[in-house]
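Q: What follows is a structure written as structure tokens; I'll ask about it next.
The values are calculated or read from the model by the stated rules, or taken from the named source; none is laboratory data. This structure is a prediction, so every number in the text was calculated from the model and none was measured. Every residue, glycine among them, receives a Cβ derived from its backbone with ideal geometry; neighbour counts consider all protein chains shown. When the accessible area is computed, the model is the full protein with side chains, heavy atoms only, and any ligands, DNA or RNA have been set aside. Shrake-Rupley method; radii C 1.70, N 1.55, O 1.52, S 1.80 Å.
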Amino acid sequence: MIFGRRKNKNETSDLPETAAESNEEQTPGEASDPAVDPEQAEAAQTLPKAAKTDAELRNSGPFDSAEKETDEGYLDLGALKIQPRDGLQLRLEVEEKTQRVIAVTLDLSGSSLQLQAFAAPKSEGLWEEIREQLASSIGSQGGTVEEVSGPLGTEVVAKLPAQTPDGKRGFRVARFIGVDGPRWFLRGVIGGAAALDRDKAAELEELFRQTVVVRGDQPLPPRDLLTLRLPKDASLRTQDGQPAPGLTAPERGPEITHIG
């Protein structure tokens with residue numbers, strides 16, 4: 001596992017209101033998600049269906065910190081705890097103005113998973129409303145969205161107009177997945193080949209499932225980002241003090257352009 005850090009460009013996006021209102025929204029862009037031709041993008045509309053409800057699916061993760069033992073084998077990033085594995089590259093998205101960490105991006109086998117955790121109300125979740133906002137925002141940018149049932153519940157497949165490497169008109173595809181937990185909401189954005197190919201997405205989906213959210217007791221308005229941070233130990237060890245697999249010193253990751 002390789003650990004990296006990069007600064008964003010301090011741009012805003014009008015995707016989900018959860019982060020857009022505070023200039024914190026970032027999604028995979030052209031640097032990591034090259035455009036594909038329309039025929040390839042159509043494949044995203046044929047993803048398999050899931051029979052279980054979103055609530056039932058959370059029984060297998062992601063987990064609340066009260067539900068999962070993380071004393072061993074997890075990398076502590078504050079609001080999120082990640083289970084390392086060989087070949088995984090981890091980058092922290094840093095807001096340039098405030099220098100705070102606003103997202104974690106996991107790169108594995110040529111695809112990416114961006115994670116953000118938000119405070120949520122006790123009585124209701126955020127994912128249904130955010131899906132509606134995604135549809136409105138991406139539609140205003142000339143893109144299209146489709147809700148499908150996947151292994152992690154209801155998700156949004158977004159296609160945005162983009163130019164292919166050979167100069168033709170194509171699409172940039174991203175899969176938005178979200179899970180409502182106890183007083184928190186975890187959102188993931190899958191980019192790269194895994195956004196189109198369910199088999200290639202399996203490893204990233206498993207990483208999402210194994211993620212542990214630490215909500216904390218601090219009162220927070222719904223939709224506020226939960227605090228992420230760099231690992232306390234400069235040697236980047238997991239919580240049990242053992243070196244994370246393949247983990248190296250921080251390095252600057254590639255810049256990723258916002259959608260929008």
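Q: Output the peptides 164-176, 203-215 sorted from most to least packed, where packing is the average of other Cβ atoms within 10 Å over each peptide's residues.
A: 203-215, 164-176
Q: If we sort 178-188, 62-72, 125-135 on the protection proxy, mean other Cβ atoms within 10 Å, highest first, what's the order?
A: Values: 178-188: 21.8, 62-72: 15.2, 125-135: 17.8.
Going from most to least packed, we get 178-188, 125-135, 62-72.
Q: A follow-up question, please. With the cut-off at 28 Å, tell me which of the pairs Lys81/Lys200; Lys81/Lys122; Lys97/Lys122; Lys68/Lys200 have Cα atoms farther apart than that.
A: Lys97/Lys122
Q: How do Thr105, Thr144 stack up against each other in accessible area, from largest to smallest, with a 1.4 angstrom probe?
A: Thr144, Thr105
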